[in-house]
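First comes the structure, then the notes that go with it.
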Amino acid sequence: MSRVIEHLAEITGFRDRDVLDVTLVGALRDLLLPASVAIYRILGEAPQQRWMTRARLLPGDVAATADPLWADPESLPLADSVPDRYACLRRQEVFTVPGSPAMAYFPLTSDNEAVGVLEIATAAPMEPADVRLVGSILRIYRNFQGLLDYSERDTLTGLLNRKTFDDSFLRIAAGPQIDAEDLAKPGLRRPSPQDTAWLGVIDIDHFKHVNDTFGHLMGDEVLLLLSRLMRGSFRFQDRLYRFGGEEFVVLMRCGGVDDALAAVERLRANVERYPFPQVGHITVSVGLTALRPGDSPASAFDRADKAVYYAKQHGRNQVRHHATLVSEGHLVDESRTSDIELF
């Protein structure tokens with residue numbers, strides 16, 4: 001029993017979802033000695049749902065492996081390519097499959113919705129006591145996930161909140177970055193979809209008018225519906241935030257400026273044609289910037305925010321790219337000016 005308690009203390013000792021999944025599979029390997037143990041998350045919408053490996057320990061592994069957070073969706077296996085795992089997800093119930101090895105599948109749920117599967121392979125079918133032990137550990141795991149959601153997500157929209165932004169920014173910025181202004185230079189290879197990170201700031205046009213005319217309850221309804229449009233407009237691996245009020249942010253990886261502009265333009269167009277109940281039609285202004293080597297969250301956000309401000313001052317309901325505005329002489333890139341002054 002003491003070993004179980006020690007592992008539970010370790011599982012709940014980190015406020016990081018990646019570490020949480022890694023410690024869970026490590027604890028189960030130590031307690032059950034299985035052939036393998038893995039956590040898979042379901043991503044996307046049917047019929048193109050796919051499995052992302054969150055943490056997996058195979059025989060001989062010293063450390064858990066996982067798919068990169070920004071993995072190309074096309075590289076991930078389709079959900080129905082693993083029928084037993086997919087059946088566990090859809091049925092939201094534990095079941096075992098005899099064989100060599102024997103397999104046990106446990107659904108991972110959040111707010112009564114199946115979001116993934118814990119998969120355990122053993123030499124012999126798991127004993128009922130072991131199945132109950134895993135179920136108890138998963139209840140604690142699910143409760144802790146709920147606490148993380150409460151602290152990391154905006155209570156109205158369910159999007160990530162502002163205080164989680166810096167950590168996500170530093171993770172995506174840790175990958176190789178190619179400056180947007182450098183893409184046109186001769187001889188520079190075109191980046192892959194995983195090479196270039198982008199930040200978009202989204203601001204609802206005339207939102208104060210919505211609140212003043214229709215009331216704050218309808219204003220909240222607009223914010224909630226906009227968050228749903230964001231989820232439907234961006235890819236499932238893109239990071240979506242509500243910064244407060246009518247201001248939203250997206251962090252994403254794209255192959256270049258055209259792909260990034262297409263992504264935020266898709267959201268702008270979806271919002272423009274959506275009939276918001278009672279309110280009618282609203283629009284958004286969007287500012288976009290590429291992350292640069294050595295960028296800080298504040299500097300990247302400031303560039304995108306300046307592009308949003310320009311969009312609002314020049315007609316609203318449009319997407320503006322910071323680097324393009326600078327190259328056309330509409331904005332001054334103060335961050336680059338500061339760099340030059342330092343040297």
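Can you find, among 95, 226, 314, the residue farthest towards the positive end of the dipole of the chain? Put +1 on the C-beta of Lys and Arg, -1 on that of Asp and Glu. The one lying farthest along the dipole's positive direction is 95.
Taking 8 Å as the Cα distance limit and 6 or more residues as the minimum spacing, I'd like the relative contact order of segment 74-140 as a percentage.
Working: 86 pairs, mean separation 16.6, N = 67.
In percent, rounded to a whole number, it is 25.
Projecting the Cα atoms of 44, 128, 254 onto the charge dipole of the chain, computed from C-beta unit charges around the Cα centre, puts 128 farthest toward the positive end. Test of the criteria: in segment 250-315, which trypsin sites (Lys or Arg not before Pro) are in a DSSP loop and have at most 15 other Cβ atoms within 10 angstrom of their Cβ? Here no trypsin sites (Lys or Arg not before Pro) fit, given the DSSP loop and packing criteria.
I need the shape label for segment 2-150. Rule: rounded when a/c is under 1.5, else prolate if a/b > b/c, else oblate, with a, b, c from the alpha carbon gyration tensor. It is rounded, given that a/c, with a ≥ b ≥ c, falls under 1.5.
Hey, what did segment 1-116 get for relative contact order, percent, Cα under 8 Å, at least 6 apart? Before the final figure, lay out each step's value.
On the way: 149 pairs, mean separation 19.6, N = 116.
RCO, segment 1-116: 17 percent.
Restricting the GluC sites (Glu not before Pro) of segment 245-343 to loop positions (DSSP other than H, G, I, E, B) with no more than 11 neighbouring Cβ atoms within 10 Å leaves 328. Of the GluC sites (Glu not before Pro) found in segment 1-88, the ones in coil according to DSSP and having at most 14 other Cβ atoms within 10 Å of their Cβ are 45.
Using just the helices of the chain, give the 222 nm mean residue ellipticity in deg cm²/dmol: DSSP H runs with n ≥ 4 each add -39,500 (n - 2.57), and the total is spread over all residues, rounded to 500.
-13500 deg cm²/dmol
Projecting the Cα atoms of 294, 332, 236 onto the dipole axis of segment 225-343, where Lys and Arg carry +1 and Asp and Glu carry -1 at the beta carbon, places 236 farthest toward the positive end. The computed semi-axes √(5λ) of the Cα gyration tensor in Å for the structure shown corresponds, within (1) 32, 23, 19; (2) 41, 24, 18; (3) 38, 23, 17, to (2). Only the Cβ atoms of Lys and Arg (+1) and of Asp and Glu (-1) were treated as charged; on that basis the dipole of the chain about its Cα centre amounts to roughly 500 debye. Taking each residue as 0.36 nm, the span from residue 110 to residue 30 lengthens on full extension beyond its C-alpha to C-alpha distance by 26.3 nm. Applying the Karplus relation 6.51 cos²θ - 1.76 cosθ + 1.60 with θ = phi - 60° to segment 217-223 yields 3J(HN,Hα) values of 5, 5, x, 5, 5, 4, 4 Hz, where x marks Gly and Pro.
Straight-line reach from residue 208: taking Cα to Cα under 17 Å and skipping same-chain neighbours fewer than 8 places apart, the aspartates and glutamates in range are 220, 221, 246, 247.
All of the numbers you see were taken from the coordinates with simple rules; none came from a lab. Quantities reported herein were computed from a predicted structural model and do not represent experimental measurements. Every residue, glycine as well, gets a Cβ built from its backbone with ideal geometry; the counts of neighbours run over all protein chains shown.
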